[in-house]
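This report refers to the structure that appears directly beneath it.
The values are calculated or read from the model by the stated rules, or taken from the named source; none is laboratory data. It should be emphasised that the depicted structure is a prediction, and the values quoted were computed from it without experimental measurement. Cβ atoms come from the backbone with ideal geometry, glycine included; neighbour counts cover every protein chain shown. The area values use the complete protein model at the heavy-atom level, side chains included, leaving out ligands, DNA and RNA. Shrake-Rupley method; radii C 1.70, N 1.55, O 1.52, S 1.80 Å.
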Amino acid sequence: MDFQYAPAPESRDVVDIRPSYGLFIDGEFTDGHGEPFKSIDPSNEETLAEIACADAADVDRAVKAARTAYDKVWGPMPGRERAKYLYRIARIVQERARELAVLESIDIGKPIRESRDVDVPLVAAHFFYYAGWADKLAYGGFGSDPRPLGVAGQVIPWNFPLLMLAWKIAPALACGNTVVLKPAETTPLTALAFAEICRQADLPPGVVNIVTGAGDTGRLLVGHDGIDKVAFTGSTDVGKQIARGVAGTSKKVTLELGGKAANVIFDDAPLDQAVEGIVNGIFFNQGHVCCAGSRLLVQESVAEELMARLKTRMATLRVGDPLDKNTDIGAINSAEQLQKIRMLSEVGEQEGAQRWSPPCELPQRGFWFAPTVFTSVAQSHRIAREEIFGPVLSVLTFRTPAEAVEKANNTPYGLSAGVWTEKGSRILWMAERLRAGVVWANTFNKFDPASPFGGYKESGYGREGGRHGLEAYLDV
Ligand code: NDP
């Protein structure tokens, strides 16, 4: 039966967006000396706030504040004391969870269901998890007295703004480093709310500094002589620039870059569950996910049946207001990203793949893209090789497990993969051969602070999360 859902919008009243925001340096909000920029709501293109832009002098001030805090307060502080601050931050994130979820959905365009049930709970979980490590570093396998690196310069993207902040800041602080973090230009608001949380938690000034701005501010930060560590999540192109820039310096680097994950469906997989996994793999967060299951590899004998079920399921996806609790797919984060998704989808058609989207009415204002699937895709097509970073799935088929492995690994990336089969032995056989940092079995896009995450090849190097994530912030 087809029935209509009444709108169920989450209230915006829980957030208080100020007309303008400054930089957060040495525990204070201060003006930036670059040209301020606007953060907009991608679901309706309305301006949310004016944001300060950090220039070279501002970045320098932030790095110096972080250095002083490292030398005088945070570095010498015993781990058990640092832990208290991290636990406090985790609890405040939980207390302010609803506000943070709404703010995140407004600023990036992701459905409230995801920011409320995935992003924000994982942010709190990361701070709790690394708080637990702060006084146990000597038992982590890094020697009896592992030392922090010093000041970390961290640059994060717009797809999971608060969660990427937590992945960066929680382990850095647990290990005794101080940080200067640059959020993405289009999504600075939750990082600035986090700055308020640092104040609320009485975190000593200078331990966390937030410098807003665009790519130039990021470049100034990672190129600053006063930092000891660069942590970056974003595109492979910028990752390569950063790797070139730090080559020959003593800075330690972790890079978490793009992906083009294969989600492999064998003929013995439970197909309805696999369909849910495929939908979650590519349409979660509008497909703005580095580990998205953007290449579907289906065993030929079940391809027809699976595609029929997938299309039926896709027709039920609700695209629209990110703050509506019924929404499955929200807005595309920016006009530039929408342009990229449109361009690559057009190339997909030109190269001969079959394009399909369910009937779906998109809002007039804002940036939107209907869930899309391409069949008859060849490995040479750009939509099978390049990261689209949108709700677009490319479907390829295979006949044997060996062919599945070969096609799955036929990519410059190596961040994640999925395997769907009833046989445990086949899962292990595949996991051993897939060149991907994470292999999900009969599930997809599952995250936990205790699990390391990171890539092979052009997906970057270093691991975030778990015990491995500590290593990136220790002098080992
Ligand atoms: P970028 O790599 O440009 O952005 C990531 C972060 O790096 C942002 O904070 C950005 O600032 C900053 N930055 C940009 N240039 C530099 C630089 N030279 N030095 C230091 N920092 C810099 O990604 P985009 O936002 O341009 O997205 C482009 C594509 O990248 C997407 O379509 C997607 O394919 C991929 N991507 C992958 C992500 C992942 O998680 N692996 C995340 C985001 C994008 P600002 O945003 O302010 O310009």
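Ellipticity at 222 nm from helices only: DSSP H runs of n ≥ 4 in the chain, each -39500 (n - 2.57), divided by the residue count, give -11000 deg cm²/dmol.
Taking label points 7 Å from Cα along the Cα-to-Cβ direction, His33 and Val476 give a separation of 4.0 nm. For the chain, the dipole from Cβ point charges (+1 on Lys and Arg, -1 on Asp and Glu) about the Cα centre works out to 1160 debye, to the nearest 20. Summed over the residues of segment 262-441 and divided among them, the accessible surface reaches 40 Å² per residue at a probe radius of 1.4 Å.
Look at the Cα gyration tensor of segment 205-319: its axes a ≥ b ≥ c give a/c of at least 1.5 with a/b over b/c, and that counts as prolate.
Potential lengthening of the chain between Ser250 and Val14 amounts to 80.5 nm, from the contour at 0.36 nm per residue minus the alpha-carbon distance. Across the accessible surface of segment 262-441, with the other protein chains kept in place and a 1.4 Å probe, carbon and sulfur atoms take up 46 percent. Every pair of different Cα atoms in segment 29-75 enters the Kirkwood calculation, which places the hydrodynamic radius at 12.7 Å.
Among the GluC sites (Glu not before Pro) in segment 376-468, those placed in a DSSP loop whose Cβ has at most 15 other Cβ atoms within 10 Å are Glu422. Stokes-Einstein diffusion for segment 262-441, with the hydrodynamic radius set to the Kirkwood value over Cα pairs and evaluated at 37 °C in a medium of 0.692 mPa s, equals 200 µm²/s. When you count the other C-beta atoms within 10 angstrom of each residue and take the mean per peptide, 220-227, 125-132 line up highest first as 125-132, 220-227. Neighbours of Gly239, meaning other residues whose beta-carbon lies under 11 angstrom from its beta-carbon, give a summed charge of -1 when Lys and Arg score +1 and Asp and Glu score -1. Averaging 1/r over each pair of different alpha-carbon atoms in segment 100-258 and inverting the result gives 16.2 Å, the Kirkwood hydrodynamic radius.
Take the convex hull of the alpha carbons in segment 315-359; its mean projected area over all directions comes to 3.8 nm². The Rg/Rh ratio of segment 89-139, with Rg taken over Cα atoms and Rh as the Kirkwood radius over Cα pairs, comes to 1.12. In the chain, taking the dipole from charged Cβ atoms about the Cα centre, the farthest positive-side position among Pro7, Leu103, Ala193 is held by Ala193. What pairs from Lys252/Lys446; Lys72/Lys251; Lys110/Lys229 go past 23 Å between their alpha carbons? Violating the 23 Å Cα-Cα cut-off are Lys252/Lys446; Lys110/Lys229. At a Förster distance of 41 Å, what's the computed FRET efficiency of Arg382 paired with Thr68, Cβ-Cβ distance as r, to 0.05? Computed FRET efficiency for Arg382 and Thr68 comes out at 0.25. The Cα trace of the chain gives Rg and Dmax of 22.0, 66 Å, the first to one decimal, the second as a whole number. In the chain, the DSSP beta bridges split such that about 30 percent are antiparallel, to the nearest 5.
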